[in-house]
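The values are calculated or read from the model by the stated rules, or taken from the named source; none is laboratory data. Since we're looking at a predicted model, the values are computed, not measured. Because the Cβ atoms are built from the backbone with ideal geometry, glycine has one as well, and the counts that use them run over all protein chains shown.
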Amino acid sequence: MPDLSNNSLSPHSLAAIDLGSNSFHMIVVNIVDGQIQVIDQIKEMVRLGEGLTKEKELRSEVRIRAIACLERFGQRLRDQPEGSVRAVGTNTFRQIRDDSFLKAAQLALGHPIDVIAGREEARLVYLGVAHGLATKTGRRLVVDIGGGSTELIIGEEFKPIERESLHMGCVSISRQFFADGLITEQKMEEAIIACSLELRPIRTRFNRSHWQAAVGSSGSIKAIREVVISAGWSDSGITHQSLERLKERLIKVGNSQQLQLKGLSEERRPVFAGGVAVLLALFRSTEIEGMLVSSKALREGLIYEMLGRIHHEDVRQLTIQSLGKRFNVDQEQVKRVSSTALALFDQVSFSWMLNDPEHVKILGWAAHLHEVGLAIAHNQFHKHGAYLVENSDLSGFSRQELAILAALIRGHRRKFPLELFEALPNKVINSSKQLCVLLRLAALLRRSRNASAISNAKIEAQGQKIMLKFTPGWLNRHPLSHEELKHERTHLSEVGFELSFA
């Protein structure tokens, strides 16, 4: 993380951006005595999900609209130092197949955009909501209805216990059932049934017996609350009865464009019926009678996550440790390979300009999980391990971070998989290859799996040239390692590195 004292906008300023399927949100905060003080908020109804074609590409007019919004956000964040901004793309970003959009979006914003998995989105939503509620005992169900997905989380205090992300949201359901604007009783029931079917596999895990209070977040739920309270159907929050009455009112009006409901903005009208259908299906399926509404959600969760990383409370470290234990990774070997990899890193970090704090973290995590694939089979365990990591919902990690981590694990032995590294974002290709070289050398030098120290091994690096120096006679006393280094020299030469040793 950056030294926030150098921030020209504010000495303790952070920004979080939620790039949803319906709207883009940005929040800028000051950190005062460890507390968040909001100094700016911007929201634009981009409706990214509406522009997604069947081929999972964005229609040009929606792409232009999204880039223009990000340019405006980028202008506001121009003075923010690198690392003080966290932007995440959710459901629609997860589906877009055209990599050029993500690159253009990052260029417009001026900061990286992490595409996060649905269950990671759920964790961050819960983190934001939990910090906005009075701390009390008891479990709560948190629901966040987005444009293309709905997140459900059961948690206690600040800890999520159950997380799920479902493929339904106010935009996607509105497009599927109310695209022409007409709201009939039949269409509404069909929409609710479709949402109920999506909920069916998880309804037992999330029903009323597992929590004491329900809390909603997101624009759809806040809009529904405003409408039912303004109509006098509820005193506070959303009740099941008020939601049923709202459904009947929508059917009576019969058209999204003609909805004149107090508390409902004009820009939300086209997707309001879809949001109501999703929430009503949730109330029925999980036996919710009443729901409180939180003003905090994903973007606040991002801020608290960033604060945790600043104060060395990184959930990613706990995630890596948990995964290692789950697959019975040899912890003693982890310690040997990690210590060797980090010792090598310390010697070349300056010459290779590996000066981002994330570099040493990624290397350590890759060392911790480099043998995780042994839980499947010894043959090609590096490939199994890479698959496990890249396709797991690992708390705290974005898809890009998982891709880097998987590439290091896949590349820590045998042939160097250059194509995996070339597929990474341009900014991290070179550093990721360098980290992989360090992991390869550490795993090679610790292959004997004993405690014999090789801490005297020195490494020098200049560009693509790498020189390993051992204490006199070490290579002669370790002929197997000597032979393996010769093979490694060949593997690295195939991808442009020149390894020498003496």
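Data overview
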{"read-out": "Matching residues, segment 42-79, being within 18 Å of I17 (Cα to Cα), free of Cβ contacts under 8 Å to residues at least 60 places away in the same chain and among the aliphatic types (A, V, I, L, M)", "value": "I42, V46, A66, I67, A68, L70"}
{"read-out": "All helices (runs of 4 or more DSSP H) inside segment 348-440 with 2 or more residues being among the small types (G, A, S)", "value": "357-369, 381-390, 399-410"}
{"read-out": "Test: residue in segment 394-411 that is over 30 Å from P81 (Cβ atoms) and in contact with a Cys (Cβ under 7 Å, 6 or more places away or on another chain)", "value": "yes"}
{"read-out": "Any hit, segment 76-83, residues being in a helix (DSSP H, G or I) and assigned by TED's automatic domain parsing to the domain that holds N22", "value": "yes"}
{"read-out": "Hits in segment 293-310 - residues which are among the small types (G, A, S), at pLDDT 90 or above and not in a loop (DSSP other than H, G, I, E, B)", "value": "G301"}
{"read-out": "Some residue of segment 422-429 being in contact (Cβ under 8 Å) with a residue 24 or more places away in the chain and crowded, with 20+ Cβ neighbours inside 10 Å", "value": "yes"}
{"read-out": "Scan of segment 43-60 for residues that are hydrophobic (A, V, I, L, M, F, W, C) and either surrounded by fewer than 15 Cβ atoms within 10 Å (Cβ to Cβ) or in a loop (DSSP other than H, G, I, E, B) (or both), ordered by number", "value": "M45, V46"}
{"read-out": "Members of segment 55-107 found to be in contact with a Leu (Cβ under 8 Å, 6 or more places away or on another chain), farther than 14 Å from H25 by Cβ and among the small types (G, A, S), listed by number", "value": "G74, S84, A105"}
{"read-out": "Among the candidates E332, E313, residue that is part of a loop (DSSP other than H, G, I, E, B), of a type in the set (D, E, K, R) and modelled with pLDDT under 95", "value": "E313"}
{"read-out": "Unique match (being under 18 Å from R449 (Cα atoms) and in contact with a Lys or Arg (Cβ under 8 Å, 6 or more places away or on another chain)) among H382, H368", "value": "H382"}
{"read-out": "Checking E120 against (1) in contact with a helix residue (DSSP H, G or I) (Cβ under 8 Å, 6 or more places away or on another chain); (2) under 15 Å from G20 (Cα atoms); (3) of a type in the set (D, E), the condition it does not meet", "value": "(1)"}
{"read-out": "Failed condition for E190, given (1) of a type in the set (D, E, K, R); (2) surrounded by fewer than 17 Cβ atoms within 10 Å (Cβ to Cβ); (3) without any contact (Cβ under 8 Å) to a residue 12 or more places away in the chain", "value": "(3)"}
